[in-house]
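Comments concern the structure below.
The values are calculated or read from the model by the stated rules, or taken from the named source; none is laboratory data. Everything quoted here is computed from the prediction, not taken from an experiment. All Cβ positions, even for glycine, are placed from backbone atoms using ideal geometry, and neighbour counts span all protein chains on display.
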Amino acid sequence: MEPQKKPRSRGIYLLPNLLTTSALFAGFYAITGAVNGHYEVAVLAIFVAMVLDGLDGRVARMTNTQSEFGAQYDSLADLISFGLAPALLAYSWGLSSLGKLGWIAAFVYVTCGALRLARFNIQHAVADKRYFQGLPSPAAAALLVSLIWVLVDNDISGRAATYTLLLVTLISGLLMVSNIRYHSFKELNFSGKVPFVVAVIVMLVLAVIYIAPPLVLFVIFLVYTVSGLVLTARLIKRSKRDKKPEVDAH
């Protein structure tokens with residue numbers, strides 16, 4: 001009788017998963033900051049998680065270390081960093097003062113983030129790489145936490161600020177599970193050569209961000225959020241225009 005062979009354990013790629021773990025740590029750190037009332041620290045930790053989340057996928061593709069494990073691990077980390085952490089930050093800063101309405105809004109945001117990531121996981125193999133379906137969870141998180149950063153940085157509080165935060169929390173959450181298209185920018189080649197003017201534009205953008213980081217980042221992600229509505233309207237209009245000749249031909 002032949003001895004049974006032990007199943008071979010499969011390892012994981014270190015570098016991309018290390019970046020994903022770092023993003024997860026940043027998300028967890030943001031949660032602890034929100035719970036302890038360190039709102040600016042929590043906001044910055046979520047932005048750090050965004051940077052690391054953008055790097056892990058690119059590093060995996062560049063080093064040919066993509067794996068199904070890495071994709072699933074990345075989604076779980078995203079749920080913590082861009083779903084749970086922003087919602088808890090919003091709840092700790094102001095939504096808690098609204099009672100049940102506040103925690104329901106925070107829960108809706110987290111649930112929409114989870115649904116968004118689940119839908120992405122099952123569609124990413126067949127989806128058009130040029131566009132995201134629904135607002136990406138990192139962009140939704142950035143919109144929400146940059147608003148909180150603006151409010152904290154300018155010492156703005158009160159019912160108006162809290163209800164504004166409530167509205168942005170609900171809208172950003174629902175946009176994640178919408179069918180609105182957003183540019184993915186995956187067609188951009190960061191490893192190739194670019195015109196010199198691009199370097200100048202990047203330098204100017206960084207300089208503007210440095211002048212007033214909370215406000216500029218909020219405006220950038222607000223513009224990106226609105227851009228999806230414009231892009232979707234254009235795609236629908238183009239689709240109707242392409243179908244019109246076929247109808248006329250009959």
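The conditions of being within 17 Å of the chain's Cα centre (by Cα) and of a type in the set (S, T, N, Q) are met by SER75. Answer yes or no: is there a residue in segment 75-82 that is of a type in the set (S, T, N, Q), in contact (Cβ under 8 Å) with a residue 12 or more places away in the chain and under 29 Å from ASP153 (Cβ atoms). So far as segment 75-82 goes, yes, one or more of its residues are of a type in the set (S, T, N, Q), in contact (Cβ under 8 Å) with a residue 12 or more places away in the chain and under 29 Å from ASP153 (Cβ atoms). Taking the criterion of being hydrophobic (A, V, I, L, M, F, W, C), surrounded by fewer than 16 Cβ atoms within 10 Å (Cβ to Cβ) and at positive phi, would at least one residue in segment 167-182 satisfy it? Looking through segment 167-182, none of the residues is hydrophobic (A, V, I, L, M, F, W, C), surrounded by fewer than 16 Cβ atoms within 10 Å (Cβ to Cβ) and at positive phi. Condition check for SER157 on (1) small (Gly, Ala, Ser); (2) surrounded by fewer than 19 Cβ atoms within 10 Å (Cβ to Cβ); (3) assigned to a helix (DSSP H, G or I): one failure, at (3). Considering (1) under 16 Å from the mean Cα position of the chain (by Cα); (2) surrounded by 21 or more Cβ atoms within 10 Å (Cβ to Cβ); (3) at pLDDT 95 or above, the lone condition that THR111 does not fulfil carries the number (2). Considered as a group, the residues in segment 6-55 that are of a type outside the set (Gly, Ala, Ser), farther than 14 Å from ALA85 by Cβ and assigned to a loop (DSSP other than H, G, I, E, B) include one that is modelled with the highest pLDDT, and that residue is TYR13. Does ALA85 satisfy being touching a residue at least 40 places away in the same chain (Cβ under 8 Å), in a helix (DSSP H, G or I), buried (at least 19 other Cβ atoms within 10 Å of the Cβ) and within 14 Å of the chain's Cα centre (by Cα)? Judged against the criteria, ALA85 is a match.
With respect to the conditions (1) closer than 21 Å to SER178 by Cβ; (2) surrounded by fewer than 14 Cβ atoms within 10 Å (Cβ to Cβ); (3) of a type in the set (Ser, Thr, Tyr), THR63 falls short on a single one, namely (1). Flag: VAL219 does not match the condition of being at pLDDT below 90, touching a helix residue (DSSP H, G or I) at 6+ places or on another chain (Cβ under 9 Å) and surrounded by fewer than 16 Cβ atoms within 10 Å (Cβ to Cβ).
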